[in-house]
Amino acid sequence: MMTSGQLRAARALLGIDQKTLAELSGVSVPTIQRMEASEGNVRGVVDSLSKVVDALNLAGIDLIGDGAQSLGGGRGVRLKETSPKP
């Protein structure tokens, strides 16, 4: 699973726009836009999601799931859990 925030962050880390990600993954720009506009986990056709994740992996992005350890040797960013506001 990938969240819309992870998708936007991955593009930012790579320094690419939605059009470039669409070209790298073989999906349309509106598909990337819909994915990034999703609430929480990205929703879409499984084939399209797989293409985007594969393109990000090939470009050097390592998506880290909730609670997963990051044992790789590269730099990274992780969103801290926030405590609920009273």
Exercise for the section: Please list the radius of gyration and Dmax for the stretch 4-45, considering alpha-carbon atoms only, with Å as the unit. Expected result: 9.5, 25
Exercise for the section: Could you state how much accessible area residue 20 has, in square angstrom rounded to the nearest 10, with a 1.4 Å probe and all protein chains kept in place? Expected result: 50 Å²
Fill in the blank from the handout: With DSSP loop assignment and no more than 11 other C-beta atoms within 10 Å, the GluC sites (Glu not before Pro) in the stretch 1-39 are 39
Fill in the blank from the handout: If each K or R counts +1 and each D or E counts -1, the residues other than residue 23 whose Cβ falls under 12 Å of its Cβ total +1
Fill in the blank from the handout: In whole Hz, the Karplus estimates of ³J(HN,Hα) for the stretch 33-49 (6.51, -1.76, 1.60; θ = phi - 60°; x where Gly or Pro) are 4, 5, 4, 6, 8, 4, 8, x, 5, 5, 10, x, 5, 3, 4, 5, 4
Handout entry: Sparsely packed trypsin sites (Lys or Arg not before Pro) within the stretch 16-48, loop by DSSP, other Cβ within 10 Å at most 15
Key = 43
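The values are calculated or read from the model by the stated rules, or taken from the named source; none is laboratory data. It should be emphasised that the depicted structure is a prediction, and the values quoted were computed from it without experimental measurement. Please note: Cβ atoms are built from the backbone with ideal geometry, for glycine as well, and neighbour counts cover all protein chains shown. Side chains are part of the model used for accessible areas, which takes the heavy atoms of the whole protein and leaves out ligands, DNA and RNA. Shrake-Rupley method; radii C 1.70, N 1.55, O 1.52, S 1.80 Å.
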